[in-house]
Each structure stands twice: as structure tokens, then as C-alpha cells.
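These notes are about the structure you will find just below.
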Amino acid sequence: MASLPRLIGGFQAGIADADSKMARWAGVQEQRAGAGVLAALSSLAALWIAWKFLLRCRLALKLRRMSRTVPSLRGTLPVLGPALKLAEGAPWDTMTRWAQEYGSIYKFSLFGNVNVVLSDPSFMKEVMRTKISKYHKDVDFAYRPFLSLLGTGIVTSDGPKWRKQRNKVIGRRTLMYYS
């Protein structure tokens, strides 16, 4: 028979070997868990990007359908649109010339965004007084060149900030009458 110290030594070696195997297994499991979390986060990010892309495509299709009868600028570049013409001078001067050439309402595509320009006061009156929820101002994109001139007032704001400023200028009673 084997001596007791020899049995204990073998038993301790077996425990140490089992401990090292268990530590390796735990390390592999931690790596797998980390990879799983990373895969889940990547999937969520991809779904969010796809959702935003689909919403943007839906909005672009809706704008194209709504603006079929609106005259479009001619001679623009495919993706850049009239960006080079707008960069030649003050954008508002260029857009004023286009209004004289195309009429009081026209559209152009700039970096994939469809922009509709209104220069007739009666159109602006309709936008400001009726059906305001159907109209949207792309404040971040469209008004950025004008912020140095106009600031962030009633013309260059949208949503709750615009409504608050409009209430100060016109008053709630007048707003309810026209809305």
C-alpha cells in the first residue's frame, strides 16, 4: 500500500491540476462572455443605424412625392447639388436670384436633403398660420449659414423653442385662433 504522505501529495497535485483546469475554463468563459456582450452591443448599434437610415429614406420618399410639382434647380451636381454655387457668395443672395429665376417656390437637393424654398409672403403666411405641424424646418442644416446674421430667434428655431418665441410675439389667443 501507498504511504499516507504519498497519497496526500498525489491528492494535492490532483487538486492543483483541477484548479488550473478550472481557472483556464473560467478564463475561456470570461472571454466568451465578453465576446457575447460585444456582439450584442454591435448588433444593437447596427439595428439603430439601420432604423435611422430607414426613417431617413422614408422621409426622403415622402418629400419627393410631396414636391413633385415644385420646380427644381437645373444644372446641379448629383450629390453636392448647388453647393458650389452657394459657396460662391452669400447663400441668401444666390437663393434670391434663384427665386427670381424659378419663382416663389422651388426645390433643390443638397447632400441628399431635399430643400424647398419659399419666398412669397403668402406661402410663409400659410406655413406660419395653418397646418404648422405638417411643415418642418431643418434648423441644423438649412439655417447654419444664416445663424451669424439671424441668431437663434423665431425664424431659425423649431419645435418647442419656436412655439415659445412665437407665443411671446403673437400671443396664445391669436395662436389658437389661427392653428
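No value in this document is a laboratory result; all are computed from the given coordinates. Being a predicted model, the structure only gives us computed values, none of them experimental. As a convention, Cβ positions derive from the backbone with ideal geometry for all residues, glycine included, and neighbour counts pool all protein chains shown.
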Working out 0.36 nm times the residue gap between residue 128 and residue 41, then minus their Cα-Cα distance, what length gain in nm do you get to one decimal?
-> 27.0 nm
Under a straight-distance cross-link criterion of Cα-Cα below 27 Å, which lysines are reachable from residue 107, leaving out those fewer than 8 residues away in the same chain?
-> 52, 62, 85, 125, 131, 134, 137, 161
Two pseudo-spin positions, 7 Å from Cα along C-beta at residue 66 and at residue 54, lie apart in nanometres by 2.1 nm
Give the long-range amide H neighbours of residue 110: residues separated by 5 or more places, or on another chain, with amide H under 5 Å away, using H modelled in the peptide plane at 1.01 Å from N.
-> 115
